[in-house]
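For reference, the structure discussed in these notes is given below.
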Amino acid sequence: MANQLKSNWFLACITACVFVSCSEGGHRISADADNVGLALPEGFGALKVADSVGAARHIAVNSKGDVFVKLQRAVDGKGIIVLTDTDGDGRADEQTGFGDYGGTGIFIKDNFLYASSNSEVFRYALDENQRVTNPEAPDTIITGLIDRRQHNSKSIALDGAGNIYVNIGAYSNVCQEKDRTPGSPGMQPCPILDSAGGIWRFKTDGIRQTYGDGQRYATGLRNVVGLDWNQEAGALFVMQHGRDNLHDFYPELYAEGVGIDLPSEAMYRLSEGADAGWPYIYYDHHQKKKIVNPEYGGDGKQEGGADALDPVVAFPGHIAPNALLFYTGDMFPARYKNGAFVAFHGSWNRAPDQQGFMVAFVPFENGQPSGDWEVFADGFAGIDTIAAPGDARHRPCGLAQGPDGSLYVSDDVGGTIYRIVYAGAK
Amino acid sequence: MQERNSRKYSQIGVAILFLLLVACGGHQTEGQTQPETANGQEAALQGKSASALSERTAGMRAGQVVYDQYCATCHQTNGDGVPNLNPPLAKTDYVTGDKERLIRIVLNGSNEGLEVNGMVYSNAMPAHSFLSDEDVANVLSYIRNSFGNHADTVSVDEVRQVRATLE
């Protein structure tokens, strides 16, 4: 019987016609015939919720299944797009919007929607249908955050205890006296760290909080776009975007090949006061060591950052982790529960073969990684060899979990919203 | 004396006129071909660009070496740049337009968040004043004639003049 079921599912996969039952209202929704072009583990399927919604950065799904998409730039005065599926087929058939500002961060928690511009965070109340009650009059809960273009997205996460964590990226590559200039030394100490290059903590119910009203929760983080609170660990986890230009500024220290893979894109588990070491050091997943940056006198081997965090997971260099989500749903098989999904935007400085336009998975147990990372969803770029990131047709950028346990992925090139579902035997 | 002088001047005038005619004639031969068929036009264009290319191949080849070393990481080998981060060099007036502005950006760098074709790009461009005038001229001639761009080349003198205003 089990075998028969298995072979039935095998057939279903072969025909790429995966039917799944939707937990809401007993509708049956099916994956698209081609899984929207994605390669997924056996038993998973994907459907296209919507496309061409704009440069879709982070996303949030309310308990009714409506998808809120934060756009990088407002289009026709709408920086947040709301996608609604009125007929229960899993695909959006109604699209509205509000919020006249671009940005990246969006999060739903306890009857509030939070969204960020590149310098502020806004809070919208949700009604009993989980719709925004005051689309044109949100509370400005945080304001005045630094925006100097480089690394200016303000990603957000909540801990459920009244705190909101905001990334304030460093407006610099590695805190040189002259940014991104070969030979320019790193500043010691790095003056950027007083107002950027870290995670700041504020109150979710504060009004117009700025630097003086919050705390620098963790520092030494160049730029974090993906972050999430891990309920099991009771801790904030973040994905850092590692520094650029090691191999092209220092070819004598970083040969092509290995050099192009450094530094690691690192996942850190944070606690109050933590320091991940930027700009003084970076993590090298080949040597499994924290290495002093050459702008601070390093030679590619010298270790540093004795007091700096070690990553909990280290990915290949430059692949740009733009979203982190700990999966708490029940739809996927047990090994995915509490594990980390990471959406990688894909590299731009690994020429001639750009990498990482995919969603990865890391299994977790008891709040710690319990196995190696793996590619979970691939094929977003739509081409095999990606010479330049502009060639990619879609780039993963945001992640959200639906009420039924579906995993949603946003794409800020084609504006596609993917919904990944599981239909295999558990 | 006056007569001799005027004859001399008129001889010089004729010589200049002759030279001008030859020079213009040369240009005209190149631009004059106005074939009626599209194919003919294409062939003429190819002929033109081939001769233009052969004139500056050495400089452009040298420019490509500079490009690959100092520019390609951010602006990409295809000149398309990186969305939101590093601006494209293809199809933009910043590259094919005002040469002085272009030379200035290379020598000084740029951290103003220039709007290029309706998009703003966030990364800072470092100053490349450490490149020689010849390297700058070559790489700019290369990018002004690559990625679908067609614009006149940049000379070492032009770079030298702009550099003099900065230093």
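The values are calculated or read from the model by the stated rules, or taken from the named source; none is laboratory data. Computed from a predicted structure; not experimentally measured. Cβ atoms come from the backbone with ideal geometry, glycine included; neighbour counts cover every protein chain shown.
For this structure, a couple of remarks:
- Test for A:Gly257: is it at pLDDT 95 or above, out of contact with any His (no Cβ under 6 Å at 6 or more places or on another chain) and of a type in the set (Gly, Ala, Ser): no
- Filter result (of a type in the set (Lys, Arg) and farther than 20 Å from B:Met119 by Cβ) within the range B:90-104: B:Lys99, B:Arg104
- When the residues of the range A:183-214 are filtered to those that are within 14 Å of chain B (Cβ to nearest Cβ) and touching a Phe, Trp or Tyr at 6+ places or on another chain (Cβ under 9 Å), the one that is farthest from B:Phe130 (Cα to Cα) is A:Ala196.
- The lone exception for A:Leu253 - which of (1) of a type in the set (A, V, I, L, M, F, W, C); (2) within 14 Å of chain B (Cβ to nearest Cβ); (3) more than 19 Å from the chain's Cα centre (by Cα) it fails: (2)
- Looking only at residues in the range A:325-354 that are polar (S, T, N, Q) and away from chain B (no Cβ under 14 Å), the one that is surrounded by the most Cβ atoms within 10 Å (Cβ to Cβ) is A:Asn338.
- Output for the range A:285-301, where each listed residue is in contact (Cβ under 8 Å) with a residue 60 or more places away in the chain and in a loop (DSSP other than H, G, I, E, B): A:Asn293
- Among the residues of the range B:60-100, the ones that are within 14 Å of another protein chain (Cβ to nearest Cβ), over 28 Å from A:Tyr250 (Cβ atoms) and in a helix (DSSP H, G or I) come to 0 in all.
- The range B:128-167 - residue that is β-branched (Val, Ile, Thr) and assigned to a helix (DSSP H, G or I) and, of those, nearest to B:Ala58 (Cα to Cα): B:Val139
- Sole residue being crowded, with 21+ Cβ neighbours inside 10 Å and closer than 26 Å to A:Lys109 by Cβ, chosen from A:Ala56, A:Ala74, A:Ala46: A:Ala56
- Scanning the range A:171-182 for residues that are at the interface with another protein chain (Cβ under 8 Å from one of its Cβ atoms) and surrounded by fewer than 17 Cβ atoms within 10 Å (Cβ to Cβ), we see that the one that is modelled with the lowest pLDDT is A:Pro182.
- Residue in the range A:136-161 that is farthest from the other protein chains (Cβ to nearest Cβ), counting only those that are of a type in the set (A, V, I, L, M, F, W, C) and within 30 Å of B:Leu114 (Cα to Cα): A:Ile142
- Residues located in the range A:363-390, provided they are out of contact with any Gly (no Cβ under 6 Å at 6 or more places or on another chain) and more than 25 Å from A:Ala55 (Cβ to Cβ): A:Glu365, A:Asn366, A:Gly367, A:Gln368, A:Pro369, A:Ser370, A:Gly371, A:Asp372, A:Trp373, A:Glu374
- Matching entry among A:Thr86, A:Thr96 (being modelled with pLDDT of 95 or more and surrounded by 14 or more Cβ atoms within 10 Å (Cβ to Cβ)): A:Thr96
- The range B:142-167: number of residues that are of a type in the set (Val, Ile, Thr) and under 13 Å from B:Glu100 (Cβ atoms): 4
- Here is the figure for the range A:303-345: residues that are on the phi < 0 side of the Ramachandran plot and either of a type in the set (D, E, K, R) or in a loop (DSSP other than H, G, I, E, B) (or both) total 23.
- Selection status of A:Val375, surrounded by 22 or more Cβ atoms within 10 Å (Cβ to Cβ) and either in contact (Cβ under 8 Å) with a residue 12 or more places away in the chain or within 18 Å of the chain's Cα centre (by Cα) (or both): no
- When A:Asn245, A:Asn322 are screened for being under 30 Å from A:Gly45 (Cβ atoms), within 14 Å of chain B (Cβ to nearest Cβ) and polar (S, T, N, Q), only A:Asn322 passes.
- Members of the range B:115-141 found to be acidic (Asp, Glu) and either more than 13 Å from B:Ile103 (Cα to Cα) or within 12 Å of another protein chain (Cβ to nearest Cβ) (or both), listed by number: B:Glu115
- Pairing each residue of the range A:181-194 that is farther than 21 Å from A:Ile146 by Cα with any residue that is small (Gly, Ala, Ser), provided the two are 6+ apart or on different chains, yields C-beta distances under 7 Å for A:Thr181/B:Ala127.
- Residues of the range A:350-405 that turn out to be assigned to a loop (DSSP other than H, G, I, E, B) and among the aliphatic types (A, V, I, L, M), as a count: 7
- Qualifying residue in the range A:395-406 (condition: closer than 30 Å to B:Leu89 by Cα, without any contact (Cβ under 8 Å) to a residue 40 or more places away in the chain and in contact with a Pro (Cβ under 9 Å, 6 or more places away or on another chain)): no
- The residues listed here are A:Ile164, A:Ile142, A:Ile199, A:Ile168; of these, the one that is without any contact (Cβ under 8 Å) to a residue 40 or more places away in the chain, crowded, with 24+ Cβ neighbours inside 10 Å and closer than 20 Å to A:His58 by Cα is A:Ile168.
- Enumeration of residues in the range A:110-136 that are closer than 26 Å to A:Asn167 by Cα and either surrounded by fewer than 16 Cβ atoms within 10 Å (Cβ to Cβ) or touching a Cys at 6+ places or on another chain (Cβ under 7 Å) (or both): A:Asp110, A:Asn111, A:Ala125, A:Asn134, A:Glu136
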